[in-house]
1. What pairs come up if the first residue lies in segment 11-23 and is on the phi > 0 side of the Ramachandran plot and crowded, with 24+ Cβ neighbours inside 10 Å, the second is among the basic types (K, R) and at pLDDT 95 or above, and their beta carbons are under 9 Å apart, counting only those six or more places apart or on different chains?
2. So which of A193, A204, A142, A169 is of a type in the set (G, A, S) and in contact with a Leu (Cβ under 7 Å, 6 or more places away or on another chain)?
3. When I210 is evaluated against the numbered criteria (1) more than 28 Å from L84 (Cα to Cα); (2) of a type outside the set (G, A, S); (3) free of Cβ contacts under 8 Å to residues at least 12 places away in the same chain, which criterion, by number, is the only one it fails?
4. Checking the structure you have, find out if any residue of segment 141-155 is within 12 Å of L87 (Cβ to Cβ) and among the hydroxyl-bearing types (S, T, Y).
5. Filter segment 208-239 for residues that are surrounded by 15 or more Cβ atoms within 10 Å (Cβ to Cβ) and farther than 18 Å from A9 by Cβ and give the result.
6. Where residues in segment 24-55 are over 16 Å from V88 (Cβ atoms) and in contact with a strand residue (DSSP E or B) (Cβ under 6 Å, 6 or more places away or on another chain), which of them is surrounded by the most Cβ atoms within 10 Å (Cβ to Cβ)?
7. Does segment 218-252 hold any residues that are part of a loop (DSSP other than H, G, I, E, B) and at pLDDT 95 or above, and which are they?
Amino acid sequence: MGKLSGQVALVTGAGQGVGQGIAFALAAEGAAVAVVGRTLAKCEATVKQIEQRGGRALAVRADVCSADDIVRSVDETVRAFGGLQILVNNAQVVPLGKLLDVSDESFAEGFMSGPQATHRYMRAAHPHLKKRGGVIINLGTAAALRHDPIGYGCYGAVKEAIRTLTRAAAVEWGADGIRALNILPLAESPGFAGWKAARPDEYAEYCRSIPVGRVGDCEKDIGRVVAFLCSEEGSYISGTSITVDGGRDFLR
């Protein structure tokens, strides 16, 4: 029996990268997982891997920028598995670039896919989470902690808004038996893989700046931390942000 046996989780952006790693880790601890994403084929591939490992999962196509899709994905999850105890808001369109270069459209998409989607998912999940007690895990970014956030201002801004929503949920909904936390991960996502291939020297220099000497694994280093936070062992942790980045960004 895993630490999360009998729990139901919904993870957005779980077709690849950090979201997929989190979905794998939650399923490995016994949770049934709704794998949510814009590209159904990627979600189905994640589900297949979970099932091959002996877990339970459901692929749900949803665009987190759509209010209707958000409500539908929560409803589908509850119908399929009988409830919802864990919500992971991972999906995010990233508005990168210097302040003068990021367009209104790009910034708006970052906001809609980030804090707006997070708020909508938390509201839609709330009545289900409070039935048995639940956990919300929202994802921030250590880019917002950089001493030189050049090119990361708009991305950091939308992610910092999510941190405020997380804190508010922890305080407002604690009496409902709901915990809310923010993690700031650093992991070998598809974006990191592309950077490594395109600029190997720059990538290597970045890795040397990480105190533990490596970039995290999406499942082993990020997903397992999330699984712990969602378990009984993490039941007294709420309202805070946890960097899972090998010690890098709080040192900058």
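The values are calculated or read from the model by the stated rules, or taken from the named source; none is laboratory data. Note that the structure is predicted; figures quoted are calculated from it, not measured. FYI the Cβ positions are ideal-geometry reconstructions off the backbone, even for glycines, and counts take in every protein chain you see.
1. Partner pairs satisfying both residue conditions: G13/R38.
2. A142
3. (3)
4. No, segment 141-155 has no match at all.
5. Residues satisfying the conditions are I210, V215, G216, D221, G239.
6. E44
7. Of everything in segment 218-252, those that are part of a loop (DSSP other than H, G, I, E, B) and at pLDDT 95 or above turn out to be S231, S235, Y236, I237, S238, G239, T240.
One line per residue, one yes/no per condition, for (1) part of a helix (DSSP H, G or I); (2) of a type in the set (A, V, I, L, M, F, W, C):
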position: G110; (1), (2): yes, no
position: P127; (1), (2): yes, no
position: I137; (1), (2): no, yes
position: A144; (1), (2): yes, yes
position: G151; (1), (2): no, no
position: A175; (1), (2): yes, yes
position: R179; (1), (2): no, no
position: N182; (1), (2): no, no
position: F192; (1), (2): yes, yes
